[in-house]
1. Can you run down the residue pairs with Cβ atoms below 7 Å, 6 or more apart or on separate chains, where the first is in the stretch 153-173 and within 14 Å of VAL74 (Cβ to Cβ) and the partner is in a helix (DSSP H, G or I)?
2. Which residue pairs have Cβ atoms closer than 6 Å, lie 6 or more positions apart in sequence or on different chains, and pair a first residue in the stretch 317-340 that is closer than 11 Å to THR275 by Cα with a second residue that is open to solvent by 50 Å² or more (accessible area, probe 1.4 Å) and not in a helix (DSSP H, G or I)?
3. Kindly provide the set of residues from the stretch 39-59 that are farther than 21 Å from PHE118 by Cα and either free of Cβ contacts under 8 Å to residues at least 40 places away in the same chain or touching a strand residue (DSSP E or B) at 6+ places or on another chain (Cβ under 6 Å) (or both), ordered by number.
4. Mind telling me which of the residues THR413, THR434 ends up being more than 25 Å from LEU145 (Cβ to Cβ), modelled with pLDDT under 95 and β-branched (Val, Ile, Thr)?
5. Can you name the condition, by its number, that GLY86 falls short on among (1) on the phi > 0 side of the Ramachandran plot; (2) in contact with a helix residue (DSSP H, G or I) (Cβ under 7 Å, 6 or more places away or on another chain)?
6. Within the stretch 165-174, can one find any residue that is in a loop (DSSP other than H, G, I, E, B) and buried (at least 16 other Cβ atoms within 10 Å of the Cβ)?
7. Name the pairs: first residue in the stretch 214-230 and at positive phi and open to solvent by 40 Å² or more (accessible area, probe 1.4 Å), second residue hydrophobic (A, V, I, L, M, F, W, C) and at pLDDT below 90, Cβ to Cβ under 9 Å, at least 6 apart or on different chains?
8. Scanning for something among the β-branched types (Val, Ile, Thr), over 30 Å from SER210 (Cα atoms) and open to solvent by less than 40 Å² (accessible area, probe 1.4 Å), does the stretch 69-88 turn up at least one residue?
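The values are calculated or read from the model by the stated rules, or taken from the named source; none is laboratory data. Remember, it's a predicted structure, so these values are computed and weren't measured experimentally. Cβ: placed from backbone, ideal geometry, glycine included. Neighbour counts: every protein chain shown. To get the accessible areas, we keep the full protein, side chains included, count just its heavy atoms, and leave off ligands, DNA and RNA. Shrake-Rupley method; radii C 1.70, N 1.55, O 1.52, S 1.80 Å.
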Amino acid sequence: MAEFLRVVEEPAPLRRMPRPPRVPLAPAQERMWQAAAAGQSADWNVARAFRIRGAVVNTTALRSAIDDVVRRHVPLRTCYPATADGPIQLVLDADVARVDVRVVDSFAGELTERIAEFAGRAFDLGAELPIRARIYRLGSRDVVLALVVHHISLDGQSLGPLLRDLVTAYLARGAGRPPAFAPLPVDYIDYTLWKHEYLGAFDDPGSRASTQLRYWANNLVGRPTPLELPYDRPPSADSEAAGDSIQLRFDAELHRALLTRARQAGASLFMLLQTAFALSVAGFAKSPDVTVATAVSGRDDPQLADLVGNLADDVLLRIRLDRATDLSDLIEQVRRVALAAFAHPDTSNPRLLRSLPQDPAHPLFQATLILQRHDASPPAAAPTGMSITDFPTGVVRAKHDLEFGLTESYDHTGAPTGIAGPFLYPVARFDRATALRFVETFTAMVELVASGYAGPIASILQPDQHRRRSRRAHRAR
């Protein structure tokens, strides 16, 4: 009996760790590595482009600055070869890991197409750096820097520190000196080793890794898979991830109404949006049992705030609309499901797929909604006479069938100013008209939730009912 009463010890804090001969992948990296091994590496390329204008751009200093950032952040100079014991992280020496940054003369009219071609090439994760860069020179005072990094080495919250460090290094190199970066308290390898220490081994039934895996296996058993979405073309395993996007925006009034409803329900804005999303997916798939996904940042420890690397991963939310009596009950169910999911964030998708009694060709989820927060703050001190703005890359990758990436925004007083972001969909599966219909459905469900509606669910899942209800709710506000 004693073995079943074993108490899991408090984890040791995140810290610098001694380097073993073999460094495994972090849990957040496993899905990207498996996709790349299956020939889908390019689907996970993260492409950003920045237009630098104003002062004369020193391209020599900019190229050196990229090398400085690669030297500073270990994941940018890591390869991921396969071994007999599984894939590993192989960190290249900083003096060897150099990015081939070419300077190319171009003009604005052709640039988006050229960047899209540059961003679309796959990385060989086992043999090359997971970063490439190119400088497109439009003039001596006008260049566009294109950066492409594989998602295995970078997540969304890495972009801030990456750009800050790049500007710091550029200014230093332009002044003829190396950058004086503040030391990082830990690097990504420390994080990886600590995470594996924290989780323990899967062959230990009392470890956190085994406990989380059991939670997900039990939680997901018996769910319908795949969801029967109204595809315009039948899905296939080799469908390309080329996508299109539809921009969505909810104004400040609707944002405030959602926050008010969230306070009344003892929930969060995120939970209300996930409720509307589950209703929309359920209506689209004609299923009362839907599993959707969202992301966790993996950056709870402040030592990870300035790290470039992939710490984010998916967690799943299985929503049973057939077990909710009304909309208020559904919001409470989503609240409980979300809290439980966030308490079990570390099981990688490939490992979970192997543990479920389903066809492994079926994805764990087909729909995802991610919500981030943006707070207005005083602008950072920009280099004198220089502006840095985003430039369109022309790349839209839709790795899932239904995908929202939303951001809630607040002004300098903390007042809500709206929610906005793209809806992504794969063009190999959906026509734009079908995608617009889903966005319209989701918008109507969000408006209905914000209106305070607390009645039955069945009626709002009927065709056109949600549209009429949301219009009445909108007029009432």
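1. Cβ pairs passing all conditions: SER153/PRO75; SER153/LEU76; LEU154/PRO75; LEU162/VAL69; ASP165/VAL69; ASP165/ARG72.
2. Final answer for the pair search is LEU321/PRO288.
3. If the condition is that a residue be farther than 21 Å from PHE118 by Cα and either free of Cβ contacts under 8 Å to residues at least 40 places away in the same chain or touching a strand residue (DSSP E or B) at 6+ places or on another chain (Cβ under 6 Å) (or both), then ARG53, GLY54, ALA55, VAL57 are the ones that fit.
4. Exactly one residue qualifies, and that residue is THR413.
5. Going through (1) on the phi > 0 side of the Ramachandran plot; (2) in contact with a helix residue (DSSP H, G or I) (Cβ under 7 Å, 6 or more places away or on another chain) one by one, GLY86 breaks only (2).
6. Taking every residue of the stretch 165-174 in turn, none turns out to be in a loop (DSSP other than H, G, I, E, B) and buried (at least 16 other Cβ atoms within 10 Å of the Cβ).
7. none
8. Yes - at least one qualifying residue is present in the stretch 69-88.
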